Structure formats: structure tokens, C-alpha cells
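Note sheet for the following structure.
The values are calculated or read from the model by the stated rules, or taken from the named source; none is laboratory data. Small disclaimer: the values here were computed from a predicted structure and weren't measured. Note that we place each Cβ from the backbone using ideal geometry, even for glycine, and neighbour counts take in every protein chain shown. Heads up: the accessible areas ignore ligands, DNA and RNA and are worked out on the full protein's heavy atoms, side chains in. Shrake-Rupley method; radii C 1.70, N 1.55, O 1.52, S 1.80 Å.
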Amino acid sequence: QVQLVESGGGLVQPGGSLRLSCAASGIIFNTMGWFRQAPGKERELVATIITSSTKYADSVKGRFTISRDMVKKTVSLQMNSLKPEDTAVYYCWAYSNGRNYWGQGTQVTVSS
């Protein structure tokens with residue numbers, strides 16, 4: 001059974017940092033990433049990693065870094081210089097053989 005389990009969300013002050021992690025079980029994914037959804041807004045792409053190639057939303061470039069450990073089947077998102085507008089539920093995402101997989105989501109709140 002394929003599962004994605006996130007960890008690492010929480011409350012942080014503006015300018016602070018958080019690291020999200022996602023552990024995949026069942027299969028090894030070549031394509032993984034992070035999406036987020038703020039209240040009243042649609043889910044949006046944050047960052048993806050395909051093998052070792054990365055892509056970021058313009059809003060997080062230079063502040064967020066996505067990385068992965070193929071052996072441990074994990075993908076992480078290091079978030080620095082956080083802003084209040086980064087507040088959202090963050091979802092781990094993986095794609096394989098025409099199917100999307102999602103984690104349960106983890107809340108990130110940036111507030112003073």
C-alpha cells in the first residue's frame with residue numbers, strides 16, 4: 001500500500017525557518033513535490049523534484065529548497081525567510097504511472 005506521511009509543520013514567526021519531511025512507503029517515486037493550500041484559495045504547486053531536477057514556484061524561489069533521499073524514500077522542504085503569506089496546509093505529492101498520490105497535509109502558520 002502506497003502512503004505519504006508528512007511531518008514538520010508548526011507555528012513560526014516571520015523570517016523564521018521550518019523543515020517539512022515526507023516519507024513514502026510502498027514504492028520508490030521518481031517524481032515528488034510539495035503543494036500548499038491557504039484558506040479560501042486553490043491548492044498550488046510549491047516545488048517539485050524529478051530525479052535530481054528541481055522546480056519552484058516564483059513566490060518561494062530563493063527561500064525554499066526541496067531535496068530527497070532515494071534510499072530512505074523521503075522528500076524534504078527547507079523553508080527559510082518565511083512570510084505570513086506562506087501560511088497554508090502543505091501537502092506532499094508523488095506521481096507514478098499516471099496516478100497522483102497525496103499526503104494528509106501539515107499546517108504551517110507564519111505569524112508574530
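Before moving on, here are some points about what is shown:
- Between TRP102 and GLN3, the simple label model (points 7 Å from Cα in the Cβ direction) yields a spacing of 1.9 nm.
- For the chain, built as a Gaussian network whose Cα springs stay under 10 Å, the top-fluctuating residue of LYS41, LYS73, LYS83: LYS41
- Per-residue ³J(HN,Hα) for the stretch 79-96, Karplus 6.51 cos²θ - 1.76 cosθ + 1.60, θ = phi - 60°, Hz, x for Gly and Pro: 10, 10, 6, 5, 10, x, 6, 7, 4, 4, 8, 9, 10, 6, 9, 9, 10, 7
- For the chain, the share of accessible area belonging to carbon and sulfur comes to 48 percent (1.4 Å probe, ligands and nucleic acids excluded).
- The mean accessible area for residues of the chain, using a 1.4 Å probe and ignoring ligands and nucleic acids, is 54 Å² per residue.
- Stokes-Einstein diffusion coefficient of the stretch 31-71, Kirkwood radius over Cα pairs, 20 °C, 1.002 mPa s, in µm²/s: 194 µm²/s
- Out of every Cα-Cα pair that the stretch 5-66 contains, those further apart than 17 angstrom amount to 50 percent.
- Difference of contour (0.36 nm per residue) and Cα-Cα distance, SER112 to ALA57: 17.3 nm
- Short-range pairs are left out: with C-alpha atoms under 8 Å and at least six residues apart, the relative contact order of the stretch 8-112 is 37 percent.
- Volume of the convex hull of the chain (Cα atoms only), normalised per residue: 95 Å³.
- Semi-axis lengths, largest first, of the ellipsoid equivalent to the stretch 57-112 are 23, 14, 11 Å, with √(5λ) applied to each eigenvalue of the Cα gyration tensor.
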